[in-house]
Amino acid sequence: MTYILGIETSCDETGVAVYHPDRGLVADVLHSQVKLHAAYGGVVPELASRDHARRLPALVHQALESAAITPTDLGGVAYTAGPGLLGALLVGATFGRSLAWALDIPALAVHHMEAHLLAPLLGSKPPAFPFVALLVSGGHTQLVLVRALGDYTILGESIDDAAGEAFDKTAKLMDLGYPGGPRLAAMAVDGDPSRFSFPRPMTDRPGLDFSFSGLKTHALTTIRRLEPLSEQDRRDIARAFEEAVVDTLHIKCRRALEQTGAEALVMAGGVAANQRLRERLATLRGVTVHYPPMNLCTDNGAMIAWAGYLRLRAGERSGLAVETRARWPISELRAPCREPEDA
Ligand code: KG4
Ligand code: ZN
């Protein structure tokens, strides 16, 4: 197995990377669409797709150049096939599948959340199986028991908003703009944690599911009561909100670890970039907590190249059809299987 090209276009970041089993990550380039969507206060799917189409070819060139290789050095192409915005996914999947066909090399359709989940294994001290993964992104909040590559049991998940979505919506309520999560987190640093007390949803009953939409409503009620908001009000609300999310995630992670007996916790997804969450989870006793570096937490091509490499190495191949799925539960994934190529 030689160089694997990874392509990510599931949402608002165009990411391209090259992974080599001996040399590691030899290229990792990214174009963020933050500026493009900022005026609209959120991701506009059609603009996202068009921008991916505009940027992707140049980014692939750039990645190959920075890896100092040519397309013929590639041994496989991995692309995000879902879950995500359908139009955006189609850009990367069509490009990736076609490139692999043109070069006559294997292609692999990658599950975006599996890639997030496997990203911490790219580090120097990878966790051993089995481990519990906390997947916290803009679209997902899940606790997953990972027994092996492709062996995933969902222990709990959000019954409404994802953690990142709750961050983004609460940030919007306070006019913090887009992308809300990191901005709210930055405001929270100087907030007074004792001024407001937000609920810790679903922690007073057994189980590992989450619910975050009530926190957003709680924030709204607090905002209405105080309006017009001062800068300090914003900081204090941000802090109370962040504490509530972090505390809730902490409680459920502890429970999941107790329930499964797993000795390692892996954090993945955009919200794993949250400093306060990292600090709190680091206090869990008797377990090692693994998180990818910041740039591998949010969307990127490196995790796609890596996840693709792991499955390609095991002999898995995707067919010639360009298949994308807006919704794709991670529990449907299976261990890598050797499939006859229809090429
Ligand atoms: O994994 P990701 O880049 O994209 C998805 O697959 O959804 O996650 C993006 C989410 C957004 O909701 C963003 O607000 C949130 O991650 N996020 C954060 C932080 N950085 C990104 N949330 C809280 N604190 C942060 N520092
Ligand atoms: Zn993501």
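Consider only pairs whose beta carbons are under 6 Å apart and that are at least six residues apart or on different chains; among these, list those whose first residue lies in the stretch 18-32 and is outside any loop (DSSP other than H, G, I, E, B) and whose second residue is open to solvent by 60 Å² or more (accessible area, probe 1.4 Å).
Tyr19/Leu25; Ala27/Ser66; Val29/Gln62; His31/Arg55
Which one is farthest from ligand 2 (Cβ to nearest atom), of the residues in the stretch 173-191 that are more than 18 Å from Thr141 (Cβ to Cβ) and either open to solvent by 70 Å² or more (accessible area, probe 1.4 Å) or part of a helix (DSSP H, G or I) (or both)?
In the first step, residues of the stretch 173-191 are kept if they are more than 18 Å from Thr141 (Cβ to Cβ); the result is 173-178, 183, 186-191.
Subset that is either open to solvent by 70 Å² or more (accessible area, probe 1.4 Å) or part of a helix (DSSP H, G or I) (or both): 173, 175, 183, 186-190.
Values: Leu173: 23, Asp175: 25, Arg183: 18, Ala186: 20, Met187: 23, Ala188: 22, Val189: 24, Asp190: 28 Å.
Filtering the stretch 173-191 for residues that are more than 18 Å from Thr141 (Cβ to Cβ) and either open to solvent by 70 Å² or more (accessible area, probe 1.4 Å) or part of a helix (DSSP H, G or I) (or both), the one farthest from ligand 2 (Cβ to nearest atom) comes out as Asp190.
Of the residues that make up the stretch 29-46, is at least one charged (D, E, K, R), within 25 Å of Leu103 (Cα to Cα) and open to solvent by 50 Å² or more (accessible area, probe 1.4 Å)? Before the answer, list the steps.
Within the stretch 29-46, the subset charged (D, E, K, R) is 35, 46.
Next cut, within 25 Å of Leu103 (Cα to Cα) only: none.
No: zero hits.
Could you tell me which of the residues Ala219, Ala240 is in the same structural domain as Gly191 (by TED's automatic domain parsing) and closer than 14 Å to Ala185 by Cα?
Values: Ala219 fails: closer than 14 Å to Ala185 by Cα.
Unique residue meeting the criteria: Ala240.
Going by the conditions given, is Ala262 within 16 Å of ligand 2 (Cβ to nearest atom) and of a type in the set (Gly, Ala, Ser)? Let's see the steps before the verdict.
Working: within 16 Å of ligand 2 (Cβ to nearest atom): no; of a type in the set (Gly, Ala, Ser): yes.
No: the conditions fail for Ala262.
Name the single residue that is farthest from the chain's Cα centre (by Cα) among those in the stretch 261-279 being away from ligand 1 (no atom under 11 Å from the Cβ) and surrounded by 18 or more Cβ atoms within 10 Å (Cβ to Cβ). Walk me through it before giving the result.
Step one: list which residues in the stretch 261-279 are away from ligand 1 (no atom under 11 Å from the Cβ), which gives 261-267, 279.
Keeping just the survivors that are surrounded by 18 or more Cβ atoms within 10 Å (Cβ to Cβ) gives 262, 264-267.
On the way: Ala262: 22, Ala264: 19, Leu265: 16, Val266: 12, Met267: 10 Å.
The residue in question is Ala262.
What is the number of the single condition among (1) among the polar types (S, T, N, Q); (2) assigned to a loop (DSSP other than H, G, I, E, B); (3) within 15 Å of ligand 1 (Cβ to nearest atom) that Ser194 does not meet?
That leaves (3) as the condition not met.
Of the numbered conditions (1) within 16 Å of ligand 1 (Cβ to nearest atom); (2) assigned to a helix (DSSP H, G or I); (3) over 25 Å from Ala244 (Cα atoms), Thr94 satisfies every one except a single condition; which is it?
Of the numbered conditions (1) within 16 Å of ligand 1 (Cβ to nearest atom); (2) assigned to a helix (DSSP H, G or I); (3) over 25 Å from Ala244 (Cα atoms), the odd one out for Thr94 is (1).
Restricting attention to the stretch 153-168, which residues are of a type outside the set (Ser, Thr, Tyr) and out of contact with any Asp or Glu (no Cβ under 7 Å at 6 or more places or on another chain)?
Step one: of the stretch 153-168, the residues of a type outside the set (Ser, Thr, Tyr) are 154-157, 159-168.
Of everything in the stretch 153-168, those that are of a type outside the set (Ser, Thr, Tyr) and out of contact with any Asp or Glu (no Cβ under 7 Å at 6 or more places or on another chain) turn out to be Ile154, Leu155, Asp160, Asp161, Ala162, Ala163, Gly164, Glu165, Ala166, Phe167, Asp168.
I need the full set of residues from the stretch 56-87 which are within 16 Å of ligand 2 (Cβ to nearest atom) and surrounded by fewer than 24 Cβ atoms within 10 Å (Cβ to Cβ), in order please. Working first, answer last.
Going through the stretch 56-87, the residues within 16 Å of ligand 2 (Cβ to nearest atom) turn out to be 78-86.
Gly82, Pro83, Leu85, Leu86, listed by residue number.
What number of residues within the stretch 280-299 are surrounded by fewer than 24 Cβ atoms within 10 Å (Cβ to Cβ), assigned to a loop (DSSP other than H, G, I, E, B) and within 16 Å of ligand 2 (Cβ to nearest atom)?
So the count comes out to 2.
Of the residues Leu90, Leu145, Leu108, Leu149, which single one is open to solvent by 10 Å² or more (accessible area, probe 1.4 Å) and in the same structural domain as Glu316 (by TED's automatic domain parsing)? I'd like the intermediate steps shown before the answer.
On the way: Leu145 fails: in the same structural domain as Glu316 (by TED's automatic domain parsing); Leu108 fails: open to solvent by 10 Å² or more (accessible area, probe 1.4 Å); Leu149 fails: in the same structural domain as Glu316 (by TED's automatic domain parsing).
So the residue among Leu90, Leu145, Leu108, Leu149 that is open to solvent by 10 Å² or more (accessible area, probe 1.4 Å) and in the same structural domain as Glu316 (by TED's automatic domain parsing) is Leu90.
Regarding Gly164, is this residue buried (at least 24 other Cβ atoms within 10 Å of the Cβ), of a type outside the set (A, V, I, L, M, F, W, C) and closer than 30 Å to Arg239 by Cα?
Working: buried (at least 24 other Cβ atoms within 10 Å of the Cβ): yes; of a type outside the set (A, V, I, L, M, F, W, C): yes; closer than 30 Å to Arg239 by Cα: yes.
So Gly164 fits the description; yes.
Considering every residue within the stretch 130-137, establish whether at least one is on the phi < 0 side of the Ramachandran plot and open to solvent by 50 Å² or more (accessible area, probe 1.4 Å). Before you say what the answer is, go through the steps one by one.
Residues of the stretch 130-137 on the phi < 0 side of the Ramachandran plot: 130-137.
Now drop any that are not open to solvent by 50 Å² or more (accessible area, probe 1.4 Å), which leaves 130.
Yes, the stretch 130-137 contains at least one residue that is on the phi < 0 side of the Ramachandran plot and open to solvent by 50 Å² or more (accessible area, probe 1.4 Å).
Condition check ((1) closer than 26 Å to Ala67 by Cβ; (2) exposed (fewer than 15 other Cβ atoms within 10 Å of the Cβ); (3) in the same structural domain as His111 (by TED's automatic domain parsing)) across all residues:
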{"residue": "Trp306", "(1), (2), (3)": "yes, no, yes"}
{"residue": "Gly315", "(1), (2), (3)": "yes, yes, yes"}
{"residue": "Ala321", "(1), (2), (3)": "no, yes, yes"}
{"residue": "Arg325", "(1), (2), (3)": "no, no, yes"}
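What about Ile223, is it at pLDDT 95 or above, open to solvent by less than 10 Å² (accessible area, probe 1.4 Å) and touching an Asp or Glu at 6+ places or on another chain (Cβ under 9 Å)?
Working: at pLDDT 95 or above: yes; open to solvent by less than 10 Å² (accessible area, probe 1.4 Å): yes; touching an Asp or Glu at 6+ places or on another chain (Cβ under 9 Å): yes.
Here the answer is yes, as Ile223 does meet what is asked.
The values are calculated or read from the model by the stated rules, or taken from the named source; none is laboratory data. Computed from a predicted structure; not experimentally measured. When we count neighbours, we look across all protein chains shown, and the Cβ atoms used for this are built from the backbone with ideal geometry, even at glycine. For accessibility, only protein heavy atoms count, side chains too; no ligands or nucleic acids. Shrake-Rupley method; radii C 1.70, N 1.55, O 1.52, S 1.80 Å.
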